[in-house]
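Each value in this text was obtained by applying a stated rule to the coordinates, not by laboratory testing. Remember, it's a predicted structure, so these values are computed and weren't measured experimentally. FYI the Cβ positions are ideal-geometry reconstructions off the backbone, even for glycines, and counts take in every protein chain you see.
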Amino acid sequence: MDEVLYSTSITDQIMGFHLAFQSAPIYVIHQQVSRIPTWIHRRLISDRYLQPAIDDCRVYKDDYEIKLLRQANTISANAHRAVLKAVQAAQTEAQLEGIFVQTCIAQLARTQAYDPIVGSGQNCATLHYTRNDSPLKGKQLLLIDAGAEWDGYASDVTRTYPISGKWTKEASEIYNIVDEMQKECIKETVAGVDWRDTHLLAHRIAIKGLMALGILYNGTAEEIFQCGTSRAFFPHGLGHFLGLDTHDVEGTPDLDWKPTTSQLGSIASLPTPMLGRGLYRAVVRRVLEPRMVITVEPGMYDPQQLPTFLHSHTRRG
């Protein structure tokens with residue numbers, strides 16, 4: 001049977017290790033440095049390597065972890081369906097939040113992976129809105145971003161739909177762009193693909209769709225892309241790792257990324273400041289490998305704060 005050690009025993013364990021191996025290095029995470037006896041020489045102590053090593057291990061999920069993630073997502077999907085069935089009869093965002101949480105608890109998931117986001121009308125356009133207290137009457141759209149936790153492992157699912165059950169022409173057109181972004185990016189969510197290339201693919205699809213609607217104009221798709229204009233409509237990263245945290249650790253990033261010509265176009269001609277304007281903001285900096293679990297969550301956000309933050313979300317592992 002494996003021995004379980006508690007944080008209160010850290011000092012004694014370190015002392016015992018040092019007495020047995022007096023010249024061996026001691027690797028700790030930074031919070032543990034203060035627990036090391038002062039008579040152990042500092043040259044033997046390093047807090048630089050253990051935390052990154054743990055993070056790298058967490059990036060890859062084993063079969064048991066994937067099973068827990070799937071269960072969290074199954075329960076969350078059931079809760080989202082319950083909200084969808086109730087939306088036309090509900091009076092407030094709070095009622096819908098209650099239905100979501102109630103459904104999760106009824107299926108033994110008593111903890112949410114994060115505070116549910118249930119926004120209607122203009123509240124849809126507020127990233128990470130959690131007040132969830134507005135009436136639904138007179139509102140066009142509902143956005144719900146919520147996920148249950150199962151045995152410590154998180155889910156993260158977002159859906160947007162019309163409260164009345166019928167899309168307006170304008171909302172449907174924007175939603176279809178987001179839907180295409182999601183479907184095409186899922187196709188590229190495979191081993192060997194750098195996630196930054198997939199993120200840029202989402203921007204290119206967004207630009208194509210917004211140009212077709214006449215929202216973006218006065219330039220070619222390539223010129224608009226190179227200016228970073230699409231970030232005004234899609235301001236966040238395409239997705240994030242999922243695991244013990246909703247935004248799980250990235251591990252050691254791949255720093256030698258060179259954007260593929262097919263995604264970035266004539267990047268060599270771009271002025272350096274363009275890169276600093278955040279087209280790659282909050283993007284996972286990894287080449288995807290088997291057993292990584294990552295979300296695919298493109299969105300479309302109205303820069304003028306109109307109620308059209310249409311956000312489609314799924315995950316792939």
Which value, in debye to the nearest 20, describes the size of the charge dipole of the chain about its Cα centre when Lys and Arg Cβ atoms bear +1, Asp and Glu Cβ atoms bear -1, and nothing else is charged?
480 debye
Can you pull the one-decimal nm distance between simple spin-label points at residue 23 and residue 170, each 7 Å off the Cα toward Cβ?
7.5 nm
Of 91, 71, 140, which has the largest mean-square fluctuation in a 10 Å C-alpha GNM of the chain?
91
With r defined as the distance between the Cβ atoms of residue 183 and residue 38 and R0 fixed at 45 Å, what FRET efficiency is calculated, to the nearest 0.05?
0.15
What share of the DSSP beta bridges in the chain is antiparallel, in percent to the nearest 5?
90 percent
Fewest to most Cβ atoms within 10 Å: 177, 144, 186, 14 sort as 186, 14, 177, 144
Would you mind computing, in nm to one decimal, how far apart the modelled labels at residue 110 and residue 57 are, each placed 7 Å from Cα along Cα→Cβ?
2.9 nm
Run through the range 193-237 and list the chymotrypsin sites (Phe, Trp or Tyr not before Pro) located in a DSSP loop whose Cβ has at most 10 other Cβ atoms within 10 Å.
217
Counting other Cβ atoms within 10 Å, keep those with at most 14, restrict to DSSP loop, and tell me which chymotrypsin sites (Phe, Trp or Tyr not before Pro) in the range 54-153 are left.
60
Would you mind checking which residues have amide H under 5 Å from residue 111's amide H? H placed 1.01 Å from N; only 5 or more apart, or other chain.
149
Under a GNM of the chain (C-alpha, springs under 10 Å), which listed residue has the highest mean-square fluctuation: 125, 154, 86?
86
Using the Karplus curve 6.51 cos²θ - 1.76 cosθ + 1.60 with θ = phi - 60°, what ³J(HN,Hα) values do you get for each residue of the range 55-67, in whole Hz, with x for Gly and Pro?
4, 4, 5, 5, 5, 9, 9, 8, 4, 5, 5, 5, 4
Mind giving me the nanometre distance, one decimal, between the label points for residue 133 and residue 89, set 7 Å out from Cα along Cα→Cβ?
2.7 nm
Which of 19, 68, 201 ends up with the largest GNM mean-square fluctuation for the chain, with Cα atoms connected below 10 Å?
19
Hz values of 3J(HN,Hα) by residue in the range 15-31 - Karplus curve (6.51, -1.76, 1.60), Gly and Pro given as x:
4, x, 4, 5, 5, 7, 9, 5, 9, 7, x, 10, 9, 9, 7, 4, 5
Taking 0.36 nm per residue of sequence separation and subtracting the Cα-Cα distance, how much length would be gained by fully extending the chain between residue 291 and residue 3, in nm to one decimal?
100.9 nm
